[in-house]
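The values are calculated or read from the model by the stated rules, or taken from the named source; none is laboratory data. Model, not experiment: these values are computed from the prediction. Note that each Cβ is placed from the backbone with ideal geometry, even for glycine, and that neighbours are counted across all protein chains shown. Calculation scope for accessible area: heavy atoms of the full protein, side chains included, ligands and nucleic acids excluded. Shrake-Rupley method; radii C 1.70, N 1.55, O 1.52, S 1.80 Å.
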Amino acid sequence: MPVATVADIASALLEGGEYAAMVGFAGVITPEMLSAAVGRATDGQLAGVLSAVVSGEMWVEFDHLVEGLDEPGRARLLTVLGALPSDAFSRLQAVGGARRLGAEASELVGAAAALR
């Protein structure tokens with residue numbers, strides 16, 4: 001499937017508030033497709049994705065999301081992580097501290113903590 005088609009599907013999901021579905025895509029599409037999808041998302045939509053991760057305890061999917069992103073995508077995710085509400089961010093930190101996140105996701109959460 002072409003990258004642009006996947007990015008179009010992701011945009012439609014995000015526009016419809018289907019954040020958990022978008023998180024689920026992270027583990028089944030290529031890094032190029034994931035980066036294109038995140039590149040089209042607004043910061044508000046990325047915040048919705050992160051809220052879905054926390055509320056749904058989608059830790060494995062969060063790992064896939066972080067691992068699949070290119071550097072610009074990770075930089076955007078870092079910015080949005082740094083602005084998450086305190087309760088959601090604390091939950092991510094606790095999960096990372098309990099080693100329930102992969103190394104790259106834990107590192108990103110740690111970097112976001114330094115921005116807060």
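Within the group 60, 49, 53, which residue is within 26 Å of residue 2 (Cβ to Cβ) and among the aliphatic types (A, V, I, L, M)?
Of 60, 49, 53, the one residue that is within 26 Å of residue 2 (Cβ to Cβ) and among the aliphatic types (A, V, I, L, M) is 49.
Quick grid of which residues meet (1) open to solvent by less than 60 Å² (accessible area, probe 1.4 Å); (2) touching a helix residue (DSSP H, G or I) at 6+ places or on another chain (Cβ under 7 Å); (3) touching a residue at least 40 places away in the same chain (Cβ under 8 Å); (4) polar (S, T, N, Q):
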site	(1), (2), (3), (4)
41	yes, yes, no, no
47	yes, yes, no, no
57	no, no, no, no
63	yes, yes, yes, no
71	no, no, no, no
82	yes, yes, no, no
93	no, yes, no, yes
111	yes, yes, no, no
116	no, yes, no, no
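Being touching a helix residue (DSSP H, G or I) at 6+ places or on another chain (Cβ under 8 Å), open to solvent by less than 70 Å² (accessible area, probe 1.4 Å) and not hydrophobic (A, V, I, L, M, F, W, C): is that true of residue 97 here?
When the stated conditions are applied, residue 97 does not pass them.
Testing residue 26 on (1) within 17 Å of residue 88 (Cα to Cα); (2) in contact (Cβ under 8 Å) with a residue 40 or more places away in the chain, one condition comes back false. Which one is that?
The single condition residue 26 does not satisfy is (1).
Given the options 98, 105, 114, name the one that is among the hydrophobic types (A, V, I, L, M, F, W, C) and within 10 Å of the chain's Cα centre (by Cα).
Only one candidate passes the filter, namely 105.
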